[in-house]
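Colleague: Pasting a structure below so you can have a look.
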Amino acid sequence: MRWTLGSVLTLGGTLGALTVMGGLGCEGDDGSTNPTGSGAGTTTSTTSEGGHGGSGGTGGAGETGGSGGEGGSEPQFVYPDTLCGEFCAYASTPDACDEPVSTHMCNAMCGWYERIVPWCVPFIDDYYQCALSQPASSIECDSSPRLVSGTACEEKNHERSACLDAGPPEGLPDMTADCQAYCAIGDALSCSPPDCVQACLDRIEFASRCRGAWAALTHCLAQEPASDFSCDETWPRLTNMRCRVAEVLIQFCHSSP
């Protein structure tokens, strides 16, 4: 399956976290046997403790005020320091989209990769590295910038999409830590089944060609604070929209031929 992130970000509607995490018998997979790899858990920390500020110096004597300055210039767009961010900047040139890609859209398009699918970052970087080598005239400027179909980067885009759907060729990392983190939230809310961790792992494994998308949702849910979940029947349900992209990935994957 091939997709563009612009269509994901603008797709109307969303699947509830309960809907996708609670049902273990979704059909429609192609029966592929991409193995689940082993390794360290994938849950990552997204916060760090800041340093202490220095003490203030003694103020000097006041100076005579200068003349008033002119009005501020147009806001500068500072894109993420990644290949995806470089592509946003490249797409903002006059030969491409002729206007800056908003930092909000670019951050939405780029920032979630490392947070939700860190195992796909090498394939994502390969795609954007290729995209940066293409002429600006090959960029479409709809809801978010992307290359038109038929470019020299089609193979890289296919590899990126395949990773997002099914996981990397060598298999997904061990998802136990993420399932444990998600189920611990349910335990705290008294709404997870006794076999929650195994059911979570089985949901990823049984998803077959879409196990990468399910792993992305699991990894996303594992990073959310317990205060952002509520109980809905037997599974904790996320009440914010921070995992929406992963939910839509699942929907796209299962609905593709």
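Colleague: Just a yes or no: is a residue in region 182-194 of a type outside the set (A, V, I, L, M), in contact with a Lys or Arg (Cβ under 9 Å, 6 or more places away or on another chain) and surrounded by 19 or more Cβ atoms within 10 Å (Cβ to Cβ)? Let's see the steps before the verdict.
Modeller: We begin by selecting, within region 182-194, every residue of a type outside the set (A, V, I, L, M); these are 182-183, 186-187, 190-194.
Checking which are in contact with a Lys or Arg (Cβ under 9 Å, 6 or more places away or on another chain) leaves us with 191.
Pick out the ones that are also surrounded by 19 or more Cβ atoms within 10 Å (Cβ to Cβ) and you get 191.
Yes, there is a match, as at least one residue in region 182-194 is of a type outside the set (A, V, I, L, M), in contact with a Lys or Arg (Cβ under 9 Å, 6 or more places away or on another chain) and surrounded by 19 or more Cβ atoms within 10 Å (Cβ to Cβ).
Colleague: For region 212-257, which residues satisfy the criterion of being among the aliphatic types (A, V, I, L, M), farther than 18 Å from Asp187 by Cα and touching a strand residue (DSSP E or B) at 6+ places or on another chain (Cβ under 8 Å)?
Modeller: To start, the set of residues in region 212-257 that are among the aliphatic types (A, V, I, L, M) comprises 213, 215-217, 221-222, 226, 238, 241, 245-246, 248-250.
With the extra rule that they be farther than 18 Å from Asp187 by Cα, the set shrinks to 213, 215-217, 241, 245-246, 248-250.
Result: Ala215, single match.
Colleague: Continuing with this model, one more query. Quick check on my filter: what residues within region 169-199 are out of contact with any Leu (no Cβ under 9 Å at 6 or more places or on another chain) and either under 18 Å from His254 (Cα atoms) or of a type in the set (S, T, N, Q) (or both)?
Modeller: Within region 169-199, Gln180, Ser190, Ser192, Gln198 qualify.
Colleague: Among the numbered conditions (1) of a type outside the set (Gly, Ala, Ser); (2) modelled with pLDDT under 95; (3) within 22 Å of Cys88 (Cβ to Cβ), tell me where Leu189 comes up short.
Modeller: (3)
Colleague: Taking region 85-114, which residues are surrounded by fewer than 16 Cβ atoms within 10 Å (Cβ to Cβ) and either touching a residue at least 60 places away in the same chain (Cβ under 8 Å) or assigned to a loop (DSSP other than H, G, I, E, B) (or both)?
Modeller: Thr93, Pro94, Asp95, Asp98, Glu99, Ser102, Ala108
Colleague: Can you tell me which residues in region 168-184 are touching a Ser or Thr at 6+ places or on another chain (Cβ under 8 Å) and either in a loop (DSSP other than H, G, I, E, B) or among the hydrophobic types (A, V, I, L, M, F, W, C) (or both)?
Modeller: Filtering region 168-184 for residues touching a Ser or Thr at 6+ places or on another chain (Cβ under 8 Å) gives 171-175, 177-179, 181-183.
Gly171, Leu172, Pro173, Asp174, Met175, Ala177, Cys179, Ala181, Cys183 - these are the residues of region 168-184 that are touching a Ser or Thr at 6+ places or on another chain (Cβ under 8 Å) and either in a loop (DSSP other than H, G, I, E, B) or among the hydrophobic types (A, V, I, L, M, F, W, C) (or both).
Colleague: Can you pull out every residue in region 216-257 that is aromatic (Phe, Trp, Tyr) and farther than 17 Å from Pro193 by Cβ? Reasoning before the result, please.
Modeller: Within region 216-257, the subset aromatic (Phe, Trp, Tyr) is 229, 235, 252.
Of everything in region 216-257, just one residue is aromatic (Phe, Trp, Tyr) and farther than 17 Å from Pro193 by Cβ, namely Phe252.
Colleague: Would you say Tyr128 is in contact with a helix residue (DSSP H, G or I) (Cβ under 6 Å, 6 or more places away or on another chain), assigned to a helix (DSSP H, G or I) and under 12 Å from Cys88 (Cα atoms)? Full working, then the answer.
Modeller: Numbers: in contact with a helix residue (DSSP H, G or I) (Cβ under 6 Å, 6 or more places away or on another chain): yes; assigned to a helix (DSSP H, G or I): yes; under 12 Å from Cys88 (Cα atoms): yes.
Yes.
Colleague: Can I ask one more? Would you call Gly150 touching a helix residue (DSSP H, G or I) at 6+ places or on another chain (Cβ under 7 Å), assigned by TED's automatic domain parsing to the domain that holds Tyr90 and either surrounded by fewer than 19 Cβ atoms within 10 Å (Cβ to Cβ) or not charged (D, E, K, R) (or both)?
Modeller: Details: touching a helix residue (DSSP H, G or I) at 6+ places or on another chain (Cβ under 7 Å): no; assigned by TED's automatic domain parsing to the domain that holds Tyr90: yes; either surrounded by fewer than 19 Cβ atoms within 10 Å (Cβ to Cβ) or not charged (D, E, K, R) (or both): yes.
Spelling it out, it is not the case that Gly150 is touching a helix residue (DSSP H, G or I) at 6+ places or on another chain (Cβ under 7 Å), assigned by TED's automatic domain parsing to the domain that holds Tyr90 and either surrounded by fewer than 19 Cβ atoms within 10 Å (Cβ to Cβ) or not charged (D, E, K, R) (or both).
Colleague: Is it the case that Leu132 is within 15 Å of Cys84 (Cβ to Cβ), surrounded by fewer than 16 Cβ atoms within 10 Å (Cβ to Cβ) and touching a Leu at 6+ places or on another chain (Cβ under 9 Å)? Explain how you work it out, then say what you get.
Modeller: Details: within 15 Å of Cys84 (Cβ to Cβ): yes; surrounded by fewer than 16 Cβ atoms within 10 Å (Cβ to Cβ): yes; touching a Leu at 6+ places or on another chain (Cβ under 9 Å): yes.
So Leu132 passes the test.
The values are calculated or read from the model by the stated rules, or taken from the named source; none is laboratory data. For clarity, every value in this text was computed on a predicted model and none was experimentally measured. With ideal geometry, Cβ positions are generated from the backbone for all residues, glycine too; neighbour counts draw on all protein chains shown.
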